[in-house]
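The values are calculated or read from the model by the stated rules, or taken from the named source; none is laboratory data. Computed from a predicted model, the values in this text were never measured in an experiment. Don't worry about glycine lacking a Cβ; one is built from the backbone with ideal geometry, like all the others, and counts go over all protein chains shown.
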Amino acid sequence: MNNLDLYAKAEHLLGIQEATEALHELYLHVLQDYSVNTLLDVGCGRGGFMQMMQESGVTCKGIDLSPVMVDACKKEGLDVECIDIQEEHGSYDAIVAIFDVLNFLDKTALSEFLEAVAEKLNEGGIFVADINTLHGFSNVAEGTMSAEDEHSFLCVDALFEQNKLHTTFTLFEKESQGLYTKLQDTIVQYFHKIDTFSRLASLKLLEKQNISLYDRNDKTLLVLQKKVKQ
Ligand SMILES: C[S@@+](CC[C@H](N)C(=O)[O-])C[C@H]1O[C@@H](n2cnc3c(N)ncnc32)[C@H](O)[C@@H]1O
């Protein structure tokens, strides 16, 4: 099992449902200012945002690197694939990467990812994504929590140092006869400066918005547009 699948299995215990919905509402609101008929949701998770956009008449495709997430989307009848953005062949009016997706990428991977985004956008197409601020990483994300339901027990331990957040997930899943299976893995998230997005060859930074999801200014929302080829 990859570490993103462990995240997928643990997500329902993280208590992020309300924040996720608030973030989806914000993205919906931002996208309403643009002409969007087709949308690619990168790191689509369980597909909640795609469902919302489809209800507004937008044709959506999702991609995610977690097979667990992709299966959940397929059960909802959504158009999803378990592929990297480099392997995507379509072109879209808008691409989104919602809730930390860009922070899962290190500097090199982010640069390759943004080039692929520009390549998959139609002329004038827009890319909307959020990134965690330093405050979001060090004051909000860092720390320890635990949660449980009748099937599983989760412990999360997150440490932010040298601009990286190391989050270790330990999930105990109840088996028969009082036995548990223990799953453990670490996800690393990388802090990115806004500057990274203001000097890209193929995307122009149109807008940056402070977001206060759990605390004041813990995230920044970025809106970028594909540059017209000279
Ligand atoms: C915090 S979840 C957010 C899910 C969803 N966007 C939402 O708003 O509910 C991050 C998702 O990004 C996926 N992911 C992380 N890195 C990715 C990448 N490079 N390409 C595609 N999916 C990725 C993870 O598997 C996970 O489903």
> Considering region 1-35 alone, what residues qualify as being farther than 20 Å from PHE172 by Cα and touching a Phe, Trp or Tyr at 6+ places or on another chain (Cβ under 7 Å)?
Replying inline: ALA19, THR20, LEU23, HIS24, TYR27
> How do the pairs read when you match residues in region 147-160 that are free of Cβ contacts under 8 Å to residues at least 40 places away in the same chain and within 13 Å of ALA10 (Cα to Cα) with residues anywhere that are surrounded by fewer than 16 Cβ atoms within 10 Å (Cβ to Cβ) and charged (D, E, K, R), using Cβ under 7 Å and keeping only pairs 6 or more apart or on different chains?
Replying inline: HIS151/GLU173; HIS151/LYS174
> In this structure, is LEU31 closer than 25 Å to PHE137 by Cβ and more than 10 Å from the ligand (Cβ to nearest atom)?
Replying inline: no
>> Just the residues that are surrounded by fewer than 20 Cβ atoms within 10 Å (Cβ to Cβ) and part of a helix (DSSP H, G or I), please, taken from region 96-112.
In response: PHE104, LYS107, THR108, ALA109, LEU110, SER111, GLU112
> When you go through (1) over 29 Å from LYS229 (Cβ atoms); (2) within 13 Å of the ligand (Cβ to nearest atom) one by one for ASN139, which number turns out not to apply?
Replying inline: (2)
>> With the structure loaded, tell me whether LEU65 is touching a residue at least 12 places away in the same chain (Cβ under 8 Å), within 12 Å of the ligand (Cβ to nearest atom), of a type outside the set (Ser, Thr, Tyr) and in a loop (DSSP other than H, G, I, E, B) or whether it fails that test.
In response: yes
> For region 69-88, does any single residue satisfy the condition of being under 23 Å from LEU206 (Cβ atoms), touching a Leu at 6+ places or on another chain (Cβ under 9 Å) and not basic (Lys, Arg)?
Replying inline: yes
> Among the residues of region 83-108 satisfying the criterion of being among the acidic types (Asp, Glu) and without any contact (Cβ under 8 Å) to a residue 60 or more places away in the chain, which is farthest from VAL188 (Cα to Cα)?
Replying inline: ASP93
> Is there any pair with a first residue in region 36-57 that is farther than 10 Å from LEU78 by Cα and near the ligand (Cβ under 10 Å from one of its atoms) and a second that is in a strand (DSSP E or B) and of a type in the set (Asp, Glu) whose Cβ atoms are under 9 Å apart and which are 6 or more apart or on different chains, and what are they?
Replying inline: PHE49/ASP41
> Would you say THR20 is within 9 Å of the ligand (Cβ to nearest atom) and touching a residue at least 40 places away in the same chain (Cβ under 8 Å)?
Replying inline: yes
> Is it fair to say ASN37 is within 22 Å of ASP185 (Cβ to Cβ) and polar (S, T, N, Q)?
Replying inline: no
> Within region 172-201, can you find the residues that are exposed (fewer than 12 other Cβ atoms within 10 Å of the Cβ) and among the β-branched types (Val, Ile, Thr)?
Replying inline: THR181
> Which ones in region 1-13 are modelled with pLDDT of 95 or more and within 9 Å of the ligand (Cβ to nearest atom)?
Replying inline: LEU4, ASP5, TYR7, ALA8, GLU11
>> Tell me whether region 172-195 contains one or more residues that are under 30 Å from GLY124 (Cβ atoms), outside any helix (DSSP H, G or I) and among the aliphatic types (A, V, I, L, M).
In response: yes
>> If PHE137 satisfies all but one of (1) outside any loop (DSSP other than H, G, I, E, B); (2) surrounded by fewer than 20 Cβ atoms within 10 Å (Cβ to Cβ), what's the number of the condition it fails?
In response: (2)
